[in-house]
Structure formats: structure tokens, C-alpha cells
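Please treat every number below as a calculation from the coordinates, not as lab data. This structure is a prediction, so every number in the text was calculated from the model and none was measured. Positions of Cβ are backbone-derived with ideal geometry, glycine not excepted, and every protein chain shown enters the neighbour counts.
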Amino acid sequence: MESENNKKIDLSIPAMTISFGTKSSNTSVANVFASKGIKTIRDLCMCSEEELVRLPTVGYGRSLHIRKFLKIYGLELGMTEDELTAYETNAREEEMVAKLTEAIRELLPHLADLPNQTQQLNEASERMQTVMQDLLKKLEDLLVRVNHATELFYVERVAYENYKKEQAKDLWEKRRIELAGYLFSKENGCFCSNKEKAERAVRKADILLNLLKNS
């Protein structure tokens, strides 16, 4: 998941970093959060929107405010432990890359002052080469870890989505069988064989379920 402005936030900071406009509003929401064990941004992200909407004083309006706040930092409601762990890993690695980039920027002005000092320039060049090689090695290691974490996240996400689809498919088939059985029991009055009654019941069940699905 990418944040809108590439911003990251520390998941361990208090959930009440989010302001709801007035002191009384903040106090009422803070009390509700405390009663439900929602202490940090991580705790908040692990709540579903349905859970927040049902909380007293929160409701749909404030849950929408929370979603907008989290979106700025590439977060959302209903996240899993694995998703949040991947988010923290990416945040730490981005911070390390930023520090390494800043270190390089600080070194460049010093190199610009050495053109007339051949020996010092050569020594500085050698040091810089060593530093750059070390930095490149660290950056390569970071990229490998980031790519691995990203691939793992998406593999797990696809597996989870497939699992949900299979669960939904199994539940739908169970309802189809139950409804067909009920309709079959209502076919007692027709002069048909059990096979014909069963086929009629299945067709009726499919029609009803399709109507329900499309409604």
C-alpha cells in the first residue's frame, strides 16, 4: 500500500494523535478508545470500520475522519498484523535510505573544495569510493529486503483473497442446497418423479438466489 504523500507514521504513537476538532470531542472519543483498549495507531488500524461505527460517540462521521487521517500515511482500518509489520519494515528502511542520501549530500561540498589539492583529493576520492561502495552494498541489501517483503505481502494478500472467495463460494453452495431441499419438500403435491421434483427445486433455488445476488 502506497501513501498519498509517501508519508509514514510511527504505529506506536497514541491513537488520540488524531484530533476531532474540540476538546470535548477529543475527550469523549479518548474515553471510548480507552474502554475498548485502543491505545495506539496500530490498535486503531486493527479495528474494522464496522467496529468503530458501533462505538458510542464515534459513529460514521468520526470513523470517516479517522479513515481520511490514516489514508494520508498509507494506512486503513481493518489491517492485519502482517500488513502492519510490513508497513513498519518499509518505514524503517525508507528512513535508512533517507539518512544515507543525506550523508552523501553532506560529503559532496567537501569534495568540491579539493580540486587544487591533488594528494588530498586522491585520498578523499579513495575514502569516498569506499564509502560509496559501502553505501551501495547497504542500498542493495535494503532493496533485496524491500522486494522480498513486498513479494511476501502480495503473495499473502492474494492467498487471503482466494481464501475469502472460496469461503463465500462454499457458503453460497450450502444455501443453495438448503433452499433446494426446502423447495423439494414443497413439491409433494405435484405428480412428478422424485428426480423431476429435485430438478425443479434446484432450478427454483437458483432463480431465487440469483435474484437475491442481483438485488
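If the condition is being surrounded by 14 or more Cβ atoms within 10 Å (Cβ to Cβ) and more than 21 Å from Glu161 (Cβ to Cβ), then the range 72-89 contributes Tyr73, Glu88, Thr89.
Are any residues in the range 29-71 hydroxyl-bearing (Ser, Thr, Tyr) and closer than 13 Å to Ile18 by Cβ, and if so, which ones?
Once the filter is applied, which keeps residues that are hydroxyl-bearing (Ser, Thr, Tyr) and closer than 13 Å to Ile18 by Cβ, the range 29-71 yields Thr40, Ser63.
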